[in-house]
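Comments concern the structure below.
The values are calculated or read from the model by the stated rules, or taken from the named source; none is laboratory data. Note that the coordinates shown come from a computational prediction; the quantities given were computed from them, not determined experimentally. No Cβ is skipped: glycine too gets one built from the backbone with ideal geometry, and neighbour counts run over all protein chains shown.
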Amino acid sequence: MWLFNKTRRKDIWDDPVAPLGDIEAAQRIRAICRDAAGCAEAIGSPDKRSPKNQQIERDRYERAAKVAMETAMKISDELVRDSAVREIVGLCMKANNIKTGRALFRAIHAGSIKAEVLKEHPTLQDEQG
């Protein structure tokens, strides 16, 4: 009965990973962001969750974002990296983590990807330089 199992939930970002190529790393980042979207939305929108549940969701989001960012730093191809960072920016914005979202937005160099991010998240416009 999994409901009574008190061990911490195992998430995709908790799995150890062998060195990846650029495409595999970008796919992993996309999977992490997709799986972490629920906890990011939970902390990004005020609701009636208990403080304990809010903290659990916040911890999950922070672990996911950290692993995704660490993985993105290892991608050597600039366009693939920019595309992966775009996924992480989307995750940050779901969590209402605008500070991190803006910092990551500034790390995107491809103009077309930056334009797409701005279309999805116009609040980042203030930081466009």
- Considering only the stretch 52-75, how many residues are buried (at least 22 other Cβ atoms within 10 Å of the Cβ), in a helix (DSSP H, G or I) and not hydroxyl-bearing (Ser, Thr, Tyr)? 5
- Message: What's the total number of residues in the stretch 79-98 that are under 21 Å from Glu57 (Cβ atoms) and either buried (at least 19 other Cβ atoms within 10 Å of the Cβ) or modelled with pLDDT of 95 or more (or both)?
- Response: 10
- Task: For residues that are more than 14 Å from the chain's Cα centre (by Cα) and under 16 Å from Ile88 (Cβ atoms), tally how many sit in the stretch 100-116.
- Result: 8
- Note on the structure: Taking the stretch 76-129 and the residues there that are in a loop (DSSP other than H, G, I, E, B) and of a type in the set (S, T, N, Q), the one that is nearest to Asp47 (Cα to Cα) would be Asn96
- Residue that is modelled with the lowest pLDDT [pool: residues in the stretch 35-51 that are in a helix (DSSP H, G or I) and more than 24 Å from Ile108 (Cβ to Cβ)]: Pro51
- Whichever residue in the stretch 14-34 is surrounded by 15 or more Cβ atoms within 10 Å (Cβ to Cβ) and at pLDDT 90 or above and, among such residues, is nearest to Ala68 (Cα to Cα): Ile29
- Query: If we scan the stretch 57-76, do we find a residue that is farther than 19 Å from Ala37 by Cα, out of contact with any helix residue (DSSP H, G or I) (no Cβ under 7 Å at 6 or more places or on another chain) and at pLDDT 95 or above?
  - Reply: no
